[in-house]
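Asks: What follows is a structure written as structure tokens; I'll ask about it next.
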Amino acid sequence: MKGIPGLVNSNVRAINIHSLCFTYFIHPLSYFMKYYFLTLSLFSVLSVSASCPQSIYIYSQADVNSFTTDYIGCDEPIQLWISGSDINDLSPLNSLTGISESLFIAGTNLTNLSGLENLTSIQGLYLSNNPVLSDISALQNFTQMDILFIDSSPFLLDLSVFSSLQSLGTLNLQYNQITNLSSFSSINSIEEIVLIGNTSLTSIPSFTNITQLSSVSFQNNTSLSTLNIFPNVTHISGQLALFSNGLNSISGFNNLEAINILNINNEDLSDLNFLSNLKLISSTLTVSNNSLLTDISALNNLQLLRSPNISNNATLSDCCTISFLQSTGRISGGFNIQNNGNGCMNYIDVFSTCPDEDADGIISSIDNCPNDFNPDQSDQDFDGVGDGCDNCPTISNSSQADSNGDGIGNACQNNLNINVGFEVSDGDLFVDSTYKGIILKSSSGNCYRLRISDDGQVESYHVACPN
């Protein structure tokens, strides 16, 4: 039995005409009661007609053309999937005003998205493998979005339609021919950015308004040679992965302090100076296959590092940073060092070429007091000589000249503001300096400075005897 004309679609069952006749003519006394329930039933039918299925799948241009009759009154589906090689016109979808969750457009022959101009809300937008798509200006009404994914759309070069976006959860662009991301420069909030295989991409905006991220992954963007991005980000809760790009200069991330996973693999990168403020890598560090990398000293400021992997960096011959981090107890878990330059070929190579004469955790080559224990490397007069061994710690005197050999530098010798010491014949002597102490002369004529370590142990260091 056919349904009532105008009320029939795939979601409405046919209404039995015999039942209607029986209700109205055979049982007139129950007319009003039945009419009430019939009215309620018809209202329900209309409601079903105006609702949208949870997911709508469109596989052909014919499906696009029949959308308004197949889904009567449906103007805001939850999810809409559009995929079909013969689809070239979305204008029949101009009744749509929003997508509750996600819109997927993949494998079509669309050149533009005309027909979607009335969309004002969406959570996720996925544009994948649309080989002739070049114009998405119809998507002009969005200021926020959870996910923007664009993949394998070689003719889609203009993303200016997204210049009004203020908030974006994930930006994921893969295997496109875009040259820049300037359209996203006004974004105030973003959680994750993934850029893979965009071989024409040469520049990325700084995103100065962003302070925290969940993940950053740049891979195989071979024309991306410089990176000045996220200068105010302090924490990345997930990973920072820079893998096989054309990067030779990175000046962003200069305020980054904490990260979970760090993966650096770029053939043209020579140093890691952009990480000089990094204090914590809570999971893993991988620095590998950086053929021009020579300097990893920026990692000296790390307070905790887990499971570092330093490998296959052909020109990296100085890994004393790893020796320093290990000797000061800042590395947790095992680590892998192999196939780098001479001096950094393996664990034994590193620790045999990175001596620490005073056992303060600072290798001698960068220790400002290589023969005196001073782990904090304090240098209050900034003369390059640490306070722990400076013969005039408050006046710059990098030469450490001491003409009379009394242990007091010439720069301080006649300065009345410098306390040059005194004798105590009765009572206690208090030395208010963690770097100075009491100098005693041995029976053989050698002099030693006595100091107290943090755990109360007496330490002695050979010094020149004062006159």
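The values are calculated or read from the model by the stated rules, or taken from the named source; none is laboratory data. In this text the structure is predicted, and so the values were computed from the model without any measurement. Cβ sites come from the backbone with ideal geometry, for glycine too, and all protein chains shown count toward neighbours. Surface areas here come from the heavy atoms of the whole protein model, side chains and all, with no ligands, DNA or RNA. Shrake-Rupley method; radii C 1.70, N 1.55, O 1.52, S 1.80 Å.
Asks: Long-range amide H contacts for Ile58: which residues qualify at under 5 Å (H placed 1.01 Å from N, peptide plane, sequence gap of 5 or more or a different chain)?
Replies: It is Trp81, Ile82, Ser83, by chain and number.
Asks: Quick one: pull the percent of accessible area on the stretch 96-233 belonging to carbon and sulfur, 1.4 Å probe, ligands and nucleic acids left out.
Replies: Details: 2120 of 5010 Å².
Exposed carbon and sulfur together represent 42 percent of the surface.
Asks: So for the chain, taking the charge dipole from beta-carbon charges (+1 Lys/Arg, -1 Asp/Glu), which of Ser399, Cys74, Leu113 sits furthest toward the positive end?
Replies: Cys74
Asks: Measure nothing but the geometry: give the 0 to 90° angle between the long axis through the Cα atoms of 31-50 and the longest principal axis through the Cα atoms of the chain, rounded to 10°.
Replies: 50 degrees
Asks: List the residues whose amide H sits under 5 Å from the amide H of Phe155, counting only those 5 or more places along or on another chain, with H placed 1.01 Å from N in the peptide plane.
Replies: Hits under the 5 Å cutoff: Leu133.
Asks: Then there's this: What does the C-alpha gyration tensor say about the overall shape of the stretch 73-115? Classify as rounded when a/c is under 1.5, otherwise prolate if a/b is larger than b/c, or oblate. Show your work: numbers first, answer last.
Replies: Details: a/c = 2.44, a/b = 1.49, b/c = 1.64.
Oblate, since a/c reaches 1.5 and b/c is not below a/b.
Asks: Right, next: In sequence order, what are the phi-derived ³J(HN,Hα) couplings for the stretch 55-67 according to the Karplus relation 6.51 cos²θ - 1.76 cosθ + 1.60 with θ = phi - 60°, rounded to whole Hz, with x for glycine and proline?
Replies: 10, 10, 10, 10, 10, 7, 5, 4, 5, 4, 5, 9, 4
Asks: Sticking with this one: Run lengths n ≥ 4 of DSSP H only: what is the helix-derived mean residue ellipticity at 222 nm for the chain, with -39500 (n - 2.57) per run over all residues, to the nearest 500?
Replies: On the way: 7 runs with 52 residues, N = 467.
The per-residue figure over the chain is -3000 deg cm²/dmol.
Asks: Treat each spin label as a single point 7 Å out from the Cα along the C-beta direction, and report the Tyr175 to Asn342 distance in nm.
Replies: 4.5 nm
Asks: Suppose every Lys and Arg Cβ carries +1 and every Asp and Glu Cβ carries -1, with no other charges. What dipole size does the chain come out with about its Cα centre, to the nearest 20 debye?
Replies: Values: 10 positive and 42 negative charges, 512 e Å.
Around 2460 debye, computed over the chain.
Asks: Still on this structure, please answer the following. Would you mind telling me the antiparallel percentage of the DSSP bridges in the chain, rounded to 5? Each step should come with its number before you reach the end.
Replies: Details: 10 of 84 bridges.
The antiparallel proportion sits near 10 percent.
Asks: From the phi of every residue in the stretch 328-342, what ³J(HN,Hα) in whole Hz does the Karplus formula 6.51 cos²θ - 1.76 cosθ + 1.60 yield, where θ is phi - 60° and glycine or proline is x?
Replies: 9, x, 9, 9, 10, x, x, 8, 10, 10, 6, 6, 9, x, 4
Asks: Tabulate in residue order the Karplus-calculated ³J(HN,Hα) for the stretch 174-186, using 6.51 cos²θ - 1.76 cosθ + 1.60 with θ = phi - 60°, rounded to whole Hz; enter x for Gly and Pro.
Replies: Once θ is set to phi - 60°, the couplings for the stretch 174-186 become 9, 6, 10, 10, 5, 9, 7, 10, 4, 5, 9, 5, 8 Hz.
Asks: Using modelled backbone amide H atoms (1.01 Å from N, in-plane), which distant-in-sequence or interchain residues come within less than 5 Å of Ser332's amide H?
Replies: Amide H to amide H, under 5 Å and 5 or more residues apart or across chains, Ser332 pairs with Leu305, Arg306, Ser307.
Asks: How big is the gap, in Å, between the Cα center of the stretch 319-363 and the Cα center of the stretch 190-204?
Replies: About 35 Å separates the Cα centre of the stretch 319-363 from the one of the stretch 190-204.
Asks: Same structure, new question: Keeping the other protein chains in place, figure out the carbon and sulfur percent of the accessible area of the stretch 259-319, with a 1.4 Å probe.
Replies: On the way: 930 of 2110 Å².
On the stretch 259-319, the fraction of accessible area on carbon and sulfur atoms equals 44 percent.
Asks: Which one of Gln123, Leu90, Pro205 has its Cα pushed farthest toward the positive end of the charge dipole of the chain, where Lys and Arg give +1 and Asp and Glu give -1 at the Cβ?
Replies: The one lying farthest along the dipole's positive direction is Leu90.
Asks: Sorting check: for 158-167, 301-310, which peptide has the highest mean count of neighbouring beta carbons within 10 Å, and how do the rest follow?
Replies: Details: 158-167: 15.8, 301-310: 18.7.
Top of the packing list down: 301-310, 158-167.
Asks: Using the heavy atoms of the protein chains and a 1.4 angstrom probe, tell me the accessible area per residue for the chain in square angstrom.
Replies: 49 Å²
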